[in-house]
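The values are calculated or read from the model by the stated rules, or taken from the named source; none is laboratory data. These numbers come from a predicted model, not from an experiment. Neighbour counts are summed over all protein chains in view; Cβ atoms, including those assigned to glycine, are modelled from backbone coordinates with ideal geometry. The area values use the complete protein model at the heavy-atom level, side chains included, leaving out ligands, DNA and RNA. Shrake-Rupley method; radii C 1.70, N 1.55, O 1.52, S 1.80 Å.
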Amino acid sequence: MEVSKCLSLCLLLWNLIISLLKGVEASHRVFPEYQFLAATTVKQLHRTVYHFQPPKHWINVSLFLASSFSFPPGAFENRTIDPNGPMYYNGFYHLFYQYNPKGSVWGNIVWAHSVSKDLVNWEPLEPAIYPSKPFDIKGTWSGSATIFPGDKVVIYYTGIDAKEKQLQNYAVPENPSDPYLRKWKKPKEGNPMVVPDNEINGSSFRDPTTAWQANGYWHILVGSRKNDVGVAYLFKSKDQKTWVKTPVPLHQVPGTGNWECPDFYPVSISGKTGLDTSELGNDVKHVLKVSLDATRYDYYTIGTYFPDQDKYVPDKGQADGWDGLRLDYGNFYASKSFFDPVKHRRIVWGWSNESDTKQDDVKKGWAGIQLIPRTVLLDPSGKQLVQWPVEEIETLRGQMIHKSNHKLETGKPVKLSQGITGAQADVVVTFSIPNLDKAEPFDPSWKDPQDLCFKKKSVQGAIGPFGLMVLATEKLEEFTPVFFRIFKAKDNKPVVLMCSDEEHSTLKTDVYKPMYGGFVDVDLADKKLSLRSLIDHSVVESFAAGGKTIISNRVYPTVAVFEMAHVFAFNNGTEPITLERALLCL
Ligand code: DQQ
C-alpha cells in the first residue's frame, strides 16, 4: 500500500478511536487549559497582511492531519476557522467563520462575522450566532447561507444540544434591511429544523449546505458517516420549513469516513461565468465537494445531478475518495462556495490551519487564517476545476519588478526580489522548457503525487526541479521551494508534478514541515508553464498553470522575515529552463 494511503487509514482509525473515547465525534481536540486563555499579547511576526484573519484568538478549524511522513509533537492540535455562510447581500460581502473569542485553540465556538465591499478590506462585526438555545447550547458549528426569492436570507447551521447531539437549525436577520445584518435570531417556530433520526449517527451529522431549488422542492445536504461510509444526506422541503430526508442519500462512498462541510453547486460547461446554486440545464455539470475528516483535505468530483431521482453520479474516470481531485494539495480545509451576483462568479473560501504547536498558538495569541477567495470554473477539459484569486487582490499591487528571458542555470538561483522585501508579494512567473524530449520516463505505478515528490526529494531530474524559492534568506538557510518536475509518459505525453517542500522553511524544529504534491494536467504544447504565488509572511498560496493545481503552505521562518525575506527562481535539473517572464508585485 502507498505510504500516504496507509497513513490515511491509520488516521481514520485514530479519529474513530478518539471519537469513541470522547463519546462525540467532533473532530476537534479539546484543550480545556487553553480554551479560555485570553491572549495578553498578539505576536505580529507571522501575522498575515492581506489574508483574512481576526485581530486575535482562534478561527476555527480542527485536527490538522495532512498525510505526511512525520508528525512532530503538537501536529495533531486543533486550530482553525471554517468559513461559514459566505454571501453577497445588499451591497456587502459577508464572511462568517468559526471562532473562539476566548482563546487561541478550538473551543467556545461562535459564528464571528465580518463584512466587505471588495473582498479585500474587511470590517469586523459582533458575533452573529452563538450558543443560546437548548438546540445549540453546546456549540454553534458550521453551516451556510441561502438567499431565497424575495431577498430572504436564512442561515442553516449545526447546533450541539445538551446531550452533545448534532442538530440542524436556522437563524434569520433581526432586521433584514440592515445591510450589515448585525443581529440574528433563532425563531422558536421550526427550530431545531432537522434532528437525526434512528438511521443517522447523531454525533456525526453536520454542516448544512446552501439550499437549492429543483423539481418544485428546496434541497440541502448534511455531511455524515455510517460506520466508515462517508454520506451526504439529502433533505427536501416545499416550504423551507419542514425538511424530509430522502430514502437514499444524494451520494455516499465506502471507506472515506466522516464527511464534513459538503458543498454542492453547478458549473457551466461552455460559459466563463459562475452559476447560481439552483441553475440546472444541459450546459451544466455539478460539483460535489466534501471535507474528509480522516485526511483533513477537501476533495471533489464533477458529475451529473438527476433532480427527479435525487441522485448525483460522478463522471466516468472521476476518482471518488482519497485518490480524488483536491481543491488544494496543501493546507486547506472546510471550504465553502457562494455565488456572487454582482460579478456573476462562484467564489470558494477555504481555511488554512497553523502547523506549529498549540503552545506556539497560545504564545502568538492567534491561530487560523482564511486563504484568498478564489473564483471557480470548470476547466475546458470538463475533467477538473480551475481556481484563481479574485481579481480584487490585484488592487493591492504597488511596486512591480519585471524580469524577462533569463536563462536559469543549474544550481544558480536568480533573485527576483532585488532591493525589496519578499515577505508579502504576488509573484507571477512563466517558465519555458526548450527540451521536453529529454524528460525522464514516467512510471505508471507512480499514482500518488505527494509520495512521488517525496521519493524524488534528493534526486536531480532532467527537467526539474525548477520553480520558486520563497520566504528565503540570502544564503538559503531558510526557504520554501514551490517547484515542478516533468516526466514523459509512454505515449510521450508530459506528466507535470508540482511539489512544495517545507523542510527548510524554518530553523524551528517543533513545526510540522510536510512535503506536498499534486499533478498538473497540461499538455505543454507551447512548452510553457506558469506559476503564481501569493506570499504573506506565514502563508504561501501557489497556483500552477492558471489555477489547475494549487498548493498552500503555512510556514514560520525565523530569519527570512520582513526585509530579510527574498524570492528566487531556480533550476536544479540538468536541462536548461528559461524564466520567460517574471512579475513581482508588492
Ligand atoms: N468544524 C466545525 C464543524 C465542522 C468542522 C466545528 C470542520 O461543524 O465539521 O467547529 O473543520
* Asked: So what's region 397-585 giving for Cα Rg divided by 2.2 N^0.38 Å, two decimals?
  -> 0.96
* To do: Report the extension gain between Thr509 and Asn198 in nm, rounded to one decimal, defined as 0.36 nm multiplied by the number of residues separating them, less their alpha carbon distance.
  => 107.2 nm
* To do: Give me the distance in nm between label points sitting 7 Å out from Cα along the Cα-to-Cβ direction at Phe148 and Ser445, one decimal.
  => 5.7 nm
* Can you sort Tyr50, Tyr300, Tyr130 by 1.4 Å-probe accessible area, starting with the largest? => Tyr130, Tyr50, Tyr300
* To do: Just report the Cα centroid separation between region 365-433 and region 453-502, whole Å.
  => 16 Å
* Asked: In square angstrom, what is the accessible area per residue of the chain with a 1.4 angstrom probe?
  -> 37 Å²
* Structure fact -> Dividing the surface of the Cα convex hull of region 380-420 by four yields a projected area in nm² of 5.9 nm²
* Asked: On full extension of the chain, what length is gained from Lys407 through Val342, given 0.36 nm per residue of separation minus the C-alpha to C-alpha distance?
  -> 19.1 nm
* **Order by protection proxy (mean Cβ within 10 Å, highest first), peptides 202-213, 393-404** => 202-213, 393-404
* Computed lengthening from Lys475 to Ser381, 0.36 nm per intervening residue step minus Cα-Cα distance -> 29.6 nm
* Structure fact -> Residues meeting the amide H criterion for Ser335 (H placed from the backbone, H to H distance under 5 Å, 5 or more places apart or on another chain) are Trp351
* Asked: Which angle from 0 to 90°, rounded to the nearest 10, does the C-alpha axis of helix 3-22 make with the longest principal axis of the chain?
  -> 30 degrees
* Using a 1.4 Å probe, how large is the accessible area of Ser445, given in Å² and rounded to the nearest 10? -> 80 Å²
* Two-site label geometry, Asp308 and Lys527: point separation in nm, points 7 Å out along Cα→Cβ -> 5.3 nm
* Structure fact -> With -39,500 (n - 2.57) per DSSP H segment of 4 or more residues and division by the full residue count of the chain, the 222 nm estimate, nearest 500 deg cm²/dmol, is -2000 deg cm²/dmol
* Asked: Expressed as a whole percentage, what fraction of the accessible surface of the chain belongs to carbon and sulfur atoms when a 1.4 Å probe is rolled over the protein heavy atoms?
  -> 55 percent
* Could you pull out the trypsin sites (Lys or Arg not before Pro) across region 260-324 that fall in loop regions by DSSP (anything but H, G, I, E, B) with no more than 12 other Cβ atoms inside 10 Å? => Lys272, Lys316
* Where trypsin sites (Lys or Arg not before Pro) fall in DSSP loop in region 435-506, at most 16 other Cβ within 10 Å -> Lys447, Lys457, Lys475, Lys490
* Sequence-distant residues sharing a close amide H with Leu250 (under 5 Å, placed H) -> Ala232, Leu234
* Asked: In vacuo Debye scattering of region 121-217, one point per C-alpha: log10 I(q)/I(0) at q = 0.19 Å⁻¹?
  -> -0.95
